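Each value in this text was obtained by applying a stated rule to the coordinates, not by laboratory testing. Computed from a predicted model, the values in this text were never measured in an experiment. Glycine gets a Cβ as well: all are built from the backbone with ideal geometry, and neighbour counts include every protein chain shown.
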Amino acid sequence: AGQVDAQDVPKLEVHFPLCMKNLVTVLKKEHHLKHDGRMQFGLFLKGIGLPLEQALEYWRMAFVKMNDEEFKKGYAYNIRHNYGQEGNRKNYSPYGCEKIIHSSTGGAGQHHGCPFKNFSPDRIRAEVRAQNATVTNSEVEELVGLVTAKHYNIACSKYFELTHPPSAPQSGPTALTEPITHPNQFFELSYKFSH
Ligand code: SF4
């Protein structure tokens with residue numbers, strides 16, 4: 001998608017994988033995310049092309065209930081740190097599925113991690129139907145079967161296929177040539193799919 005500015009992010013949410021869709025939904029509702037969620041989502045945004053200055057602007061707007069001083073003290077340093085501008089100056093990469101799936105979750109108010117691992121089957125059913133009202137029961141149950149068998153990456157790939165139906169129905173379902181192993185890969189494939 002090239003360079004992304006803070007105000008472009010909402011338009012691109014349609015291409016986010018479920019893990020990032022979940023975090024951005026919480027961020028919009030609560031105007032806050034805990035540290036692990038900020039890391040997971042912030043590095044993903046870096047990966048879609050959001051440069052440091054725009055990332056600072058995006059998070060400042062998202063944390064609307066906080067004053068400038070609180071934001072500067074508590075959050076701006078971490079954002080610059082993720083971009084290699086503070087501390088050890090390491091340039092951090094966006095997390096892949098493996099790391100996200102194995103991250104520890106479950107604490108109060110924690111929303112990071114992989115939804116295919118953390119959500120109930122009913123919530124997965126509702127999420128896929130919300131993205132594509134025309135999916136059949138058997139398609140949804142195939143997805144849920146992958147989730148209950150703990151094949152989270154394959155479930156995510158199936159979710160991609162079900163939520164990116166081809167424009168010509170007779171061409172059959174969208175088939176990925178490679179399974180989803182990275183949230184930024186999901187984003188790139190989704191973006192390419194519609195451009
Ligand atoms: Fe995100 Fe990967 Fe889980 Fe898909 S499989 S929701 S991209 S962590």
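Excluding the site residues themselves, the longest part of the chain lacking any trypsin sites (Lys or Arg not before Pro) in a DSSP loop with at most 13 other Cβ atoms within 10 Å is 1-64. Computed from the C-beta positions of residue 52 and residue 14 and an R0 of 30 Å, the FRET efficiency is 0.75 to the nearest 0.05.
Taken over the chain, the alpha-carbon convex hull comes to 127 cubic angstrom per residue.
Taking every alpha-carbon pair under 8 Å whose residues sit at least 6 apart, region 73-115 reaches a relative contact order of 21 percent.
The Stokes-Einstein estimate for region 88-181, based on a Kirkwood radius over Cα pairs and taken at 37 °C with 0.692 mPa s viscosity, is a diffusion coefficient of 224 µm²/s.
When only Cα pairs below 8 angstrom with a gap of at least 6 residues are kept, the chain shows a relative contact order of 25 percent.
Projecting label points 7 angstrom from Cα along Cα→Cβ for residue 108 and residue 191 puts them 3.8 nm apart. Here the Debye sum runs over all C-alpha atoms of region 1-74 as equal scatterers in vacuum, and log10 of I(q)/I(0) at q = 0.18, 0.24 Å⁻¹ comes out as -0.68, -1.25. Considering only 85, 153, 110, and ranking their Cα positions along the charge dipole of region 77-195 that arises from unit charges at the beta-carbon of Lys, Arg, Asp and Glu, the one farthest toward the positive end is 85. Rounded to the nearest 10 degrees, the angle from helix 35-47 to the longest Cα principal axis of the chain is 80 degrees. Strictly greater than 24 Å: what percent of every Cα pair in region 30-133 meets that? Value for region 30-133: 33 percent of Cα pairs lie more than 24 Å apart.
Among 95, 83, a tally of other beta-carbon atoms within 10 Å of each Cβ gives an order, fewest to most, of 83, 95.
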